[in-house]
Amino acid sequence: MNDPAQSLAGALAAHDRAADQFWAFMEDRSVRFLPHQVAPMFFSTLGQLVAGRDAAAGRRAGLAALGRMHQRFGLYPYHGTVVAAAMVDTVRRFAGDCWEPELHGVWERGCRRILRLAERAAGVLGDGPHVTVGEVEACEAAADGVAVLTVRPARRLRYRPGQALPVCTPRVPGVWRWYSPANAPRPDGTVEFHVRAVAGGPVSPVLVERVAPGELVWLGPACDVGLSLEASGDADLLLVAGGTGLAPLRALVEQVASAPAARLVTLVVGSRTLLDLYDAVALDKLASAHRDWLTVVLAFSHDRDVEPAAQGDVLTAALSHYRAGQAVYVCGPPQLIEAARRRLPAAGVAVDSLHVAATFQRTPGSAAWGSRQRSAPSCGSERDDDAERDGVNQVSGS
Ligand SMILES: Cc1cc2nc3c(=O)[nH]c(=O)nc-3n(C[C@H](O)[C@H](O)[C@H](O)COP(=O)(O)OP(=O)(O)OC[C@H]3O[C@@H](n4cnc5c(N)ncnc54)[C@H](O)[C@@H]3O)c2cc1C
């Protein structure tokens, strides 16, 4: 019975109070690197990473956020002892009957290990934007199981179209997920996220069904995920979106629209049925505003009521619009990414012109992630099992 996740449940259920306790423990010992208002974000993220229940993509998102906090708040290795002691003390107080003496060592070692990984993530991320909070301004039920959340960050988010950033709702404290802004940076600073509720997932159904206007979300540093336009020079573009994979590709279209250089763009949008096509109005607007260079193609995989030309899977539709010399960008659910990696090169798409979004499900080094790690300093050649498992070497910031 020394499961750290179980012992953390009490603290997470009252995470504001628990974070106060954690912060006060350090304050009493004159360890003051952590601003009080960020304590819930730091405490729950560290706690969830130590508990270690999440899969690779979520852990990388959490580590990117913790790494940025590590760097921005100036954590030093000597803080580790007090941070670990504060964590042990806090979790124990809130764990009630779930606390066993051997958990003391489990939490202490776990904290030190995660702080080491956060330090390395901080090194990879380099200088960059702060973690911040954003207020949810609007939640639109865009289609069955898909919400468009408009968020106003407390400080302007620094990101490039095509990037993704870790997002966390305090309703599921410390569990971070990657989401891609669907818009190029706007003068008013707002950011649109397109979220599909994945059945059984811990975060996305909460974002889609429960988060309401006025609530806060936590926002981590934007990272390259293999979809940067800078990787393709001035080549014409074939953008292939499945479901909410449309979000970063729509942001790329907005980026092209605001650039002086003309290039032809074909955006192929796949969804199961017409009813599942959640961003039709924005797509219509883009297509009619930029007729001279933008073509939007719709592909419905499970709708026999649409015109025959629009029936079929998104990759088949994309291949029928492929022209040599185009740069091809693909984003969508993990199954689409895997299929694109297999099918597109086999159909003649040049591998060096293919840009496939990271899923973080593959082992480090094998994912397309990192095709553009412009400013990412190397972590060095040292490899340890923890870092490899957590994919620290694959976190690169904007
Ligand atoms: C770089 C990157 C960018 C992303 N951008 C977006 C985005 O803009 N909008 C968005 O809705 N999601 C996006 N995701 C997925 C997102 O991070 C979450 O994984 C997703 O919202 C589900 O979260 P969850 O906690 O409910 O379930 P998780 O615990 O994350 O996932 C549960 C299971 O569902 C799988 N899964 C995740 N997403 C899908 C999907 N769309 N279809 C089918 N299976 C899926 C996971 O691989 C896992 O096996 C992105 C992921 C990555 C890696």
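Values in this text are rule-based calculations from the coordinates and carry no lab data. The model shown is predicted, which means the values in this text are computed figures rather than measured ones. Virtual Cβ from ideal backbone geometry, glycine too; neighbours counted across all protein chains shown.
The table that follows gives values for the structure above.
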| item | result |
| --- | --- |
| When the convex hull of its Cα atoms is projected in every direction, mean area for the chain (nm²) | 19.8 nm² |
| Of the DSSP H helices in the chain, those whose Cα atoms cover at least 15 Å axially and whose Kyte score averages 0.0 or more | 39-51, 79-95, 103-125, 246-258 |
| Taking region 132-219 and dividing mean pair separation by its residue count, relative contact order in percent (alpha carbons under 8 Å, at least six apart) | 38 percent |
| C-alpha center-to-center spacing [region 298-364, region 162-229] in angstrom | 24 Å |
| Candidates VAL217, VAL82, VAL269, ranked by Gaussian network fluctuation over the chain, Cα under 10 Å, top entry | VAL82 |
| Gained length - ARG156 relative to ARG116, 0.36 nm times residue gap less alpha-carbon distance | 11.5 nm |
| Mean Cα-pair separation over length for the chain, i.e. relative contact order, pairs under 8 Å, 6 or more apart, % | 17 percent |
| Gaussian network model of the chain, springs between alpha carbon atoms under 10 Å - residue of PRO173, PRO308, PRO202 with greatest fluctuation | PRO308 |
| Beta bridge orientation in the chain: antiparallel %, DSSP, nearest 5 | 55 percent |
| Karplus 3J(HN,Hα) series, Hz, for region 233-241 with 6.51 cos²θ - 1.76 cosθ + 1.60 (x for Gly, Pro) | x, 10, 4, 5, 10, 10, 9, 10, 10 |
| DSSP-assigned coil residues among GluC sites (Glu not before Pro) in region 30-137, each with at most 10 further Cβ atoms within 10 Å | GLU102 |
| Extension reserve of the ARG186-THR81 stretch, reckoned as 0.36 nm per residue once the Cα distance is removed | 33.5 nm |
| Global form of region 97-162, assessed from the alpha-carbon gyration tensor, a/c cut-off 1.5 | oblate |
| Estimated FRET transfer efficiency (ALA9, GLN335; beta-carbon r; R0 41 Å; 0.05) | 0.80 |
| Residue with peak Gaussian network fluctuation, the chain [Cα springs, cutoff 10 Å], from GLY67, GLY220, GLY80 | GLY80 |
| Taking the C-alpha atoms of region 226-298, convex hull volume expressed per residue in Å³ | 80 Å³ |
| Whole-percent pair-distance distribution, where bins are 10 Å wide, for the alpha carbons of region 179-278 | 12, 40, 34, 12, 1 |
| Debye intensity ratio in log₁₀ form over the Cα atoms of region 132-219, taken at each q of 0.11 Å⁻¹ | -0.25 |
| Peptides 120-132, 331-343 ordered by average Cβ neighbours within 10 Å, highest first | 120-132, 331-343 |
| Cα gyration tensor shape for region 229-356, rounded if a/c is under 1.5, else prolate or oblate | oblate |
| Helix-only CD estimate at 222 nm, as mean residue ellipticity for the chain, using -39500 (n - 2.57) per DSSP H run (n ≥ 4) | -11500 deg cm²/dmol |
| Scattering profile of region 32-181 at q = 0.11, 0.16, 0.21, 0.22 Å⁻¹ [log10 I(q)/I(0), Debye over alpha-carbon scatterers] | -0.46, -0.92, -1.43, -1.54 |
